[in-house]
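Below: the structure, in structure tokens.
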Ligand code: HEC
């Protein structure tokens, strides 16, 4: 009686041991399969230095500015933006520019300031769509906006 009882205990112990081993090896092999995938996502690509830089946008006014809406902003917006972004334009005259996105006053320029910095505050930015802005003017425009688009 005692012998068969301990035999039973031994076989149960062995069964548990076997099950544990099978369970563990299944898990750890699953884990190994996933590892390379995770590494691929996390590792930065050291040779991808030729990617185009993202548009440089900023809200930092590091030098201050003498530029104002009156002496600069209005004429810049007039030259490059309000042909599509003017309150008086009908839907058909806006070349797809959203109806509420207008820059024909200093208040509107202030209101849209952050979006304008993102869309037009650097050479890599997409506005105006024809990209016909001299570099220095673009830089002045960014300075004026970054310094709060003063009136
Ligand atoms: C030829 C027409 C045209 C001109 C000129 C133009 N835009 Fe646009 N603008 C669009 C269109 C179309 C969209 C909507 C598509 C998009 O967001 O790119 C747009 C969208 C925008 C937006 C995004 C508004 C939002 O929904 O957040 C901003 C900001 C903007 N323009 C700024 C400018 C500035 C600043 C200029 C001048 C430097 C300019 N645009 C000149 C056509 C124009």
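Just so you know, all these numbers are worked out from the coordinates, no wet-lab data involved. Since this is a predicted model, take the numbers as computed values, not measurements. Ideal geometry is used to build each Cβ from the backbone, glycine not excepted, and the neighbour counts take in all protein chains shown.
Take 72, 141 and order them by how many other Cβ atoms sit within 10 Å, fewest up front.
Values: 72 19, 141 24.
Starting with the residue having the fewest Cβ neighbours, the order is 72, 141.
What translational D, rounded to a whole number of µm²/s, comes out for segment 69-146 from Stokes-Einstein when the hydrodynamic radius is the Kirkwood one over Cα pairs, at 20 °C and 1.002 mPa s?
Numbers: Rh = 12.5 Å.
D, rounded to a whole number, is 171 µm²/s.
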Inset, instruction - Just rank 59, 67, 145, fewest to most, by other beta-carbon atoms within 10 angstrom. - result: 59, 67, 145
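Sort 94, 9 by Cβ crowding within 10 Å, fewest neighbours at the top.
Details: 94 16, 9 10.
Fewest-to-most Cβ neighbours within 10 Å comes out as 9, 94.
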